[in-house]
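Computed from the coordinates by the stated procedures, all read-outs in this text should not be read as laboratory data. Small disclaimer: the values here were computed from a predicted structure and weren't measured. Positions of Cβ are backbone-derived with ideal geometry, glycine not excepted, and every protein chain shown enters the neighbour counts.
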Ligand SMILES: Cc1cc2nc3c(=O)[nH]c(=O)nc-3n(C[C@H](O)[C@H](O)[C@H](O)COP(=O)(O)O)c2cc1C
């Protein structure tokens, strides 16, 4: 079979940090990677608290977007070929749903598809502090093949603005798909 198209599913759930999902969509557009977006209802709420962007403006950053209730949309099937999926940010609720396989929305179903097709699944889990149940769930997901990549900033790139911090964290998440956003300040380079 020919390699999967340059196409990534992007989930935005209702954890704090909706800006990570937004920045990743912008980066994918710059890279010419097709983005397929699913936002949870809670993500629409956090967007209203954390950003001046409207939901339609976030949708417009993606090549295609789907309602979370649309469980018959393309990313619900493994036959829809992708490089994988990133959930940015990933709430504890969404993470837990993915871990159980009892996926009630397109967002979590698409993540389940990435796992069952042995594609890359990156979860930018955002919560603090974490209780033992959260940590156990993360271990379980890691054992199932997911990459747990909490959006924890690195300071070695000497960020001077919040924007640079977000850019660095989002860029490192895309590294996990072999995508170089081109603006990362890399250690040793
Ligand atoms: C402003 C705001 C910030 C939130 N931050 C977090 C967070 O950082 N992590 C988290 O797991 N949930 C957070 N929540 C709660 C989730 O939105 C809530 O659990 C929701 O049910 C998640 O649904 P979803 O996983 O379908 O997006 C936040 C909610 C609001 C309104």
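Kindly put 125, 102, 87, 166 in sequence by how many other C-beta atoms sit within 10 Å of each C-beta, fewest to most.
102, 166, 125, 87
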A student asked for the Cα radius of gyration and Dmax of region 48-113 in angstrom ought to give 12.7, 36
Debye-sum result for region 36-189 in log10 I(q)/I(0), which assumes one identical scatterer on each alpha carbon, at q = 0.11, 0.12, 0.13, 0.19 Å⁻¹: -0.45, -0.54, -0.64, -1.36
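For a quick check: sort 187, 65 by the number of other beta carbons within 10 angstrom, fewest at the front.
187, 65
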The exposure ranking of 1, 165, 124, fewest beta-carbon neighbours within 10 Å first, is 1, 165, 124
Taking the Cα-to-Cβ direction at residue 156 and at residue 16 and moving 7 Å from each Cα, how far apart do the two end points lie in nm? 2.6
Cα centroid separation, region 111-164 to region 61-97 (Å): 16
Summing -39500 (n - 2.57) over the DSSP H runs of n ≥ 4 in the chain and dividing by its residue number, what mean residue ellipticity at 222 nm do you reach, to the nearest 500 deg cm²/dmol? -12000 deg cm²/dmol
For a Förster distance of 30 Å, can you work out the FRET efficiency between the beta-carbons of residue 30 and residue 132, rounded to the nearest 0.05? 0.15
